[in-house]
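The values are calculated or read from the model by the stated rules, or taken from the named source; none is laboratory data. Please read these numbers as outputs of a predicted model, since none were measured by experiment. In this analysis, Cβ positions are derived from the backbone assuming ideal geometry, glycine residues included, and neighbour counts consider all displayed protein chains. The accessibility values were calculated without ligands, DNA or RNA, using every heavy atom of the protein model including side chains. Shrake-Rupley method; radii C 1.70, N 1.55, O 1.52, S 1.80 Å.
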There are 2 protein chains.
Amino acid sequence: MKVFKRDVGQLCRRAPLFAALGDETRLTLLMKLGDGQPKSISQLSKGESVSRQAITKHLQVLNEVGLVRGVRQGREKLFQVEKKPLEEVRTALDLISRQWDDALDRLKTHLENS
Amino acid sequence: MKVFKRDVGQLCRRAPLFAALGDETRLTLLMKLGDGQPKSISQLSKGESVSRQAITKHLQVLNEVGLVRGVRQGREKLFQVEKKPLEEVRTALDLISRQWDDALDRLKTHLENS
DNA sequence: TTTATACGCAACCATACAGTTGCATGTCAA
DNA sequence: TTGACATGCAACTGTATGGTTGCGTATAAA
């Protein structure tokens, strides 16, 4: 499979998404939200070792890359997980993974024939 | 699908890997190495806008999470891509993706029945 | 109308990180 | 041997990031 320049660009544009996933606290938050039930900041802070404000900031980061969405409801802000961006990351990973496979296979074959 | 505590742990342990992927320069390096052909630091620096030392540091980061492996050969150090860690990330993402799907489906069904 | 809860805002701090520069070391080739 | 190339090491800089604290505001409940 040929690696097109636009694939490179596509993948590189995902960097902020990966960066957002590159933090334990944020991954924990995503797992907490993984049951689909919207949760408030206070709920999400409960049980965590860091302050509510820290959690708020992490939720902002996740929001900026579209991984979560927060809606004000009464005096609390309910967050829920957003599927689309994660799908995109999966697709991107599948792409490079397949490209690597192919490349390494070709390389192996090439070495065996020489 | 039930979300087991150990899944949460497993995913959270991937944070450094995601973090390593969360940088444009590093993603570019991975794409450059994606053809399976080992490449030296100088080769990888060529065409990039940052210094060779910067590239070296990025390669170190990629190496620490196992995404890349470097072997000294003569006066140059050849790097090549390592498939395993990427597979692990893909698996982890597939897992949460499926969990979210299931959860959101259940939630939707539940709402429709009430 | 109080009181408690949930959140937003802003300032501040420490550290991690991307990047640079300068210089030393090792290796190949003429 | 000498020069050119490839890398390693160390110090330094600016900025982003994760975290805290204090305080103000809005909303729900008593």
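Can you give the FRET efficiency for A:ASP94 and A:ARG52, using 1/(1 + (r/R0)^6), R0 = 25 Å, r = Cβ-Cβ distance, to the nearest 0.05?
Values: r = 37 Å, r/R0 = 1.48.
E(calc), rounded to 0.05, equals 0.10.
Taking amide H as placed 1.01 Å from N in the peptide plane, B:SER40 has its amide H under 5 Å from the amide H of B:PHE79, each at least 5 places away in sequence or on another chain. Rounded to whole numbers, the Karplus 3J(HN,Hα) couplings from phi for segment B:80-88 are 9, 6, 10, 6, 3, x, 5, 4, 4 Hz, using 6.51 cos²θ - 1.76 cosθ + 1.60 with θ = phi - 60°, and x at Gly and Pro. The value obtained for the protein assembly as shown, namely the Cα convex hull volume divided by the number of residues, is 160 Å³ per residue. Here the Karplus curve 6.51 cos²θ - 1.76 cosθ + 1.60, taken at θ = phi - 60°, turns the phi angles of segment A:37-50 into couplings of 6, x, 9, 7, 4, 4, 4, 5, 6, 4, x, 7, 8, 9 Hz, with x standing for Gly and Pro. In this structure, the residue pairs whose Cα-Cα separation is over 26 Å, taken from A:LYS32/A:LYS77; A:LYS39/A:LYS83; A:LYS84/A:LYS108; B:LYS32/B:LYS77, are A:LYS84/A:LYS108. Inter-copy label distances at A:LYS57, shortest first and taken from points set 7 Å along Cα to Cβ: 2.1 nm.
As a test of the definition: with a 1.4 Å probe, what buried accessible area, both sides summed, do you compute for A against B, in Å² to the nearest 100?
3500
Ordered from highest to lowest accessible area with the whole protein assembly present and a 1.4 Å probe, A:ASP35, B:ASP94 read as A:ASP35, B:ASP94.
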